[in-house]
Amino acid sequence: MRLLFSRHGEAKHGSPDFDRELTEKGIAEIKNLAALLKKMKVKPDYIVSSPLLRAKQTASLYKTILGVENELIMERSLQPGGYIDELVILAEGLNANMLFVGHQPDISGFVTQLSSPMHYNIAMYPGTIASVVFDSDITFGRGFLEFLLRPF
């Protein structure tokens, strides 16, 4: 099973925080990364997003460019301050390749919790995407960090 974790693309400053949109640069960078994933033949079965606007926009761009047929899933656990446990339960229940779109510092924390018993700290700039692969059940610290891609 492959679990992808993406930080939303670059967003405009302002408030309320819930309604911040992606910048033109953020949109372009996500489109580039999505096109690269398509070229790599990386396609999730489901995309799960934070309900905040910038994350939903990021998730929608991935859905369109990668041709994901299933509807976007909105998950409160991906809001700032969320917990990974609900995401693991969702992924195991669907038993599918997933793309989770969320926020810092949580999204990089999810990647490290799943891929390292040492809980190293990785930087996930806006738009960064990581892939963590499991041979069988999702076990904390036992996933393989397949790739970490920054926007370009």
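Read-outs throughout are calculated quantities, based only on the coordinates presented, and are distinct from any laboratory measurement. As the structure is a prediction and not an experimental result, all values here were calculated from the model. Backbone-built Cβ (ideal geometry, glycine too); neighbour counts: all protein chains shown.
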- Please report Ser136, Ser49 as a ranked list, fewest other C-beta atoms within 10 angstrom at the top and most at the bottom. Ser136, Ser49
- Query: What net charge do the residues around Val132 carry, taking every other residue with its C-beta under 12 Å from that of Val132, with Lys and Arg at +1 and Asp and Glu at -1?
  - Reply: 0
- Message: With 10 angstrom as the radius, rank Ile47, Ile107 by how many other C-beta atoms surround their C-beta, starting from the fewest.
- Response: Ile47, Ile107
- Rounded to the nearest 5, what is the percent of antiparallel bridges among the DSSP beta bridges in the chain? 50
- What is the spread of the Cα atoms of the chain along each of their three principal axes, largest first, in whole Å? 39, 31, 26
- Message: Residues of region 92-127 with backbone nitrogen within less than 20 Å of a virtual label 7 Å along the Cα-to-Cβ line of Phe152, please, listed as ranges.
- Response: 123-127
- Query: Between their Cα atoms, which of Lys31/Lys63; Lys41/Lys63; Lys39/Lys63; Lys12/Lys41; Lys31/Lys56 are more than 19 Å away from each other?
  - Reply: Lys12/Lys41
- Give the order of Tyr46, Tyr83 when sorted by the count of other beta carbons within 10 angstrom, beginning with the fewest. Tyr83, Tyr46
- Query: Gain in length, Asp137 to Thr23, computed as 0.36 nm per residue apart minus the alpha-carbon separation, to one decimal in nm?
  - Reply: 37.3 nm
- Query: Once amide H atoms are built 1.01 Å from N in the peptide plane, which residues 5 or more positions from Arg20, or in another chain, come under 5 Å H to H?
  - Reply: Leu53, Arg54
- How far is it, in nm, from the label point at Met40 to the one at Tyr120 when both lie 7 Å from their Cα along the line to the Cβ? 1.7
